[in-house]
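Asker: One structure follows; several queries about it will come next.
Only the coordinates and a few stated rules stand behind these numbers; no lab work does. None of these values were measured; they are calculated from a predicted model. Neighbour counts are summed over all protein chains in view; Cβ atoms, including those assigned to glycine, are modelled from backbone coordinates with ideal geometry.
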Ligand SMILES: Cc1ncc(C[n+]2csc(CCOP(=O)(O)OP(=O)(O)O)c2C)c(N)n1
Ligand SMILES: [Mg+2]
């Protein structure tokens, strides 16, 4: 009992550490590089306390406002927890994803007492973090609450993922009682060292207030115009940093004004409306939408807004792009044709200014229209024939509308979902920069919580699902009605196509059985196993008909080698890049 009381006092006094974004990881050392012009190329303490196990100094342990800054003590019942709860609502958070622990329990009391804030208890911290990530993608901000160290370190992978995709996720981690700092006391949930500084370091805030430098902006626009006006067949490509730059509309404004064809990088799918009359698909080298790479790579000027050319998106560094032909626009910087770079220029301002002045040039789009041919006849399975992945996605395509959103997990789902044509207003999310398998389960939970009116359609491989499956429970508990397509191909197929070995085979689970066990008769959940096209049609009919208000889990059984053509192509190139001989020391 004493222990419990002590713990509750600790929790009452815990000052949560908040880190809207984890601080930047140390930047890679700047090794001199050989000058290269190919984009995405290879080169490129208080006094020591000697009393063993002595209770904390009880004279200073009392109520929350004893330990809160003076700004909070003006009102006798103000607490840091209450303040946090209000601020969360004010910034747009109505649901916090949490796992309770003795360092955050009292904080949770404050959060649940706040009108407009709901606590969504998750099965583990990793999923709580992924859920906050999914929530932030639609709401602009998401939040999770976890306990000290055991929770904080578990959630870290999700926070790193959100950081890598520039998503504002607020992670509140219960911390030790302020009386314990610098005392050399050893607390539970630590690795047995009296050093709490790791999480403190993570709590340092990164506040950057930015405005474009007017002269820099004008100079950047002038240099870009001079370059683009000379071009014969320029194109535009949207990258993932369009989101953090809040420049999606400005990108379309420019597209409307200039008449260039517009493509997106795979990591930016969903950020640019695909119904735009000049939209030509996803650009990622040899695995692009048909006729898209041909137009982009043959252009004499390409404007990339917010690109990230990592190894995966550059398809093992095989893009045929030249820096001298590129305008690269980053959130606060513009580089023109590998020449002048203009700092302190915000992407949104730059695109808006350029839209006002750019000359219209539809040559590349007309070329695209001339060379592209319509897609072939739709595929059909023979009666009872094992279901093929191509057919599965043909049916998923028909489910998409303004009222749906697609969540694509790492794996072959990346490639299959990439080919879906998004109707107006249909959401699309994937985690292509960080690519941590299991992300989609938490992200589906968070996304659906953020936009209850949309039906989330999640495409998740069996290997990924095994990482984070538990939080289907939280979806059911919160009456969510997402549709999960669990693609059971018996293993890590994407890895198979890069480099195969026995480690890519996983234990087969009875996935519908697992979800039924989680469901356990409480809440609305419906499951079905599907082996052929007829069963798939039936499953989709039920999921979108009589079970439309239900969490629907459809396990699709596919052949281990049934992959998208794009994965095969991408896998060979990723493999070639991975198997380069080591650099001699
Ligand atoms: C946390 C984490 N661990 C390991 C990996 C490496 N990895 C990438 S994809 C993948 C397999 C995914 O398999 P599955 O979800 O079944 O998708 P499939 O390719 O079969 O469609 C693995 C293990 C990773 N990306 N993230
Ligand atoms: Mg698999």
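Asker: Just order 211-221, 421-431 by mean Cβ neighbour count inside 10 Å, highest at the front, would you? Let's see the in-between values first.
Answerer: Details: 211-221: 17.2, 421-431: 19.5.
Highest to lowest by the protection proxy: 421-431, 211-221.
Asker: Oh, and also: So for each of 500-506, 124-130, 457-463, 402-408 I average, over its residues, the number of other beta carbons within 10 Å; can you give me the resulting order with the highest mean first?
Answerer: Working: 500-506: 12.4, 124-130: 29.3, 457-463: 26.1, 402-408: 21.7.
Sorting 500-506, 124-130, 457-463, 402-408 by mean packing, highest first, produces 124-130, 457-463, 402-408, 500-506.
Asker: Rounded to two decimal places and with Rh computed the Kirkwood way over Cα pairs, what is Rg over Rh for the chain? Could you put the intermediate results ahead of the total?
Answerer: Values: Rg = 25.9 Å, Rh = 25.9 Å.
Reported Rg/Rh, Kirkwood definition of Rh: 1.00.
Asker: Tell me what the chain gives for mean residue ellipticity at 222 nm when only DSSP H runs of n ≥ 4 count, each as -39,500 (n - 2.57), the sum divided by the residue total, rounded to 500 deg cm²/dmol.
Answerer: On the way: 21 runs with 211 residues, N = 585.
It lands at -10500 deg cm²/dmol.
Asker: If you wrap the stretch 204-318's Cα atoms in a convex hull and average its projection over all directions, what's the area in nm²? Don't jump to the answer; show the numbers that get you there.
Answerer: On the way: hull surface 35.1 nm².
About 8.8 nm², averaged over all directions.
Asker: Of all DSSP beta bridges in the stretch 389-571, what percent run antiparallel (nearest 5)?
Answerer: Numbers: 1 of 27 bridges.
Close to 5 percent.
Asker: What is the stretch 214-371's relative contact order, in percent, from Cα pairs under 8 angstrom and six or more apart in sequence?
Answerer: Working: 326 pairs, mean separation 53.7, N = 158.
This gives 34 percent for the stretch 214-371.
Asker: Say each of residue 249 and residue 503 gets a label point 7 Å from the Cα, pointing the same way as Cα to Cβ; how far apart are those two points in nm?
Answerer: 4.9
Asker: Can you order the peptides 344-356, 380-392 by their average number of other Cβ atoms within 10 Å per residue, highest first? Don't jump to the answer; show the numbers that get you there.
Answerer: Values: 344-356: 21.5, 380-392: 15.1.
Per-residue Cβ counts within 10 Å, averaged per peptide and sorted highest first, yield 344-356, 380-392.
Asker: Hey, could you get me the Stokes-Einstein D for the stretch 254-329, Kirkwood radius over alpha-carbon pairs, 10 °C and 1.306 mPa s, rounded to whole µm² s⁻¹? Before the final figure, lay out each step's value.
Answerer: Values: Rh = 12.7 Å.
Taking Rh from Cα pairs, D becomes 125 µm²/s.
Asker: Evaluate the Debye formula for the stretch 370-428 with equal point scatterers sitting on the alpha carbons, no solvent, and hand back log10 of I(q)/I(0) at q = 0.20 Å⁻¹, in q order, two decimals.
Answerer: Log10 of I(q)/I(0), two decimals: -0.89.
Asker: Would you list 189, 559 from fewest to most Cβ contacts within 10 Å? The partial results should precede the final answer.
Answerer: Numbers: 189 16, 559 13.
So the ranking, lowest neighbour count to highest, is 559, 189.
Asker: When all alpha-carbon pairs of the stretch 443-536 are counted, what percent fall beyond 16 Å? Provide the component values of the computation, followed by the final result.
Answerer: On the way: 2602 of 4371 pairs.
Every Cα pair in the stretch 443-536 considered, those over 16 Å come to 60 percent.
Asker: With just the Cα atoms defining each centre, how far is the stretch 517-552 from the stretch 118-136? Give it in Å.
Answerer: Going from one Cα centre to the other spans 24 Å.
Asker: From the alpha carbon gyration tensor of the stretch 481-585, can you work out the equivalent ellipsoid semi-axes (sqrt of 5 times each eigenvalue) and give them in Å, largest to smallest? It would help to have the intermediate numbers written out before the result.
Answerer: Numbers: eigenvalues 259, 46, 29 Å².
Values for the stretch 481-585, descending: 36, 15, 12 Å.
Asker: Still on this structure, please answer the following. How large is the translational diffusion coefficient of the stretch 341-443 in µm² per second when you combine the Kirkwood radius over alpha carbon pairs with Stokes-Einstein at 20 °C and 1.002 mPa s? Before the final figure, lay out the partial values.
Answerer: Values: Rh = 17.8 Å.
In µm²/s, the coefficient is 120.
Asker: Over the Cα atoms of the stretch 389-571, Rg to Rh with Kirkwood Rh, two decimal places? Can you show the working numbers first?
Answerer: Values: Rg = 15.1 Å, Rh = 16.2 Å.
Ratio value, two decimals: 0.93.
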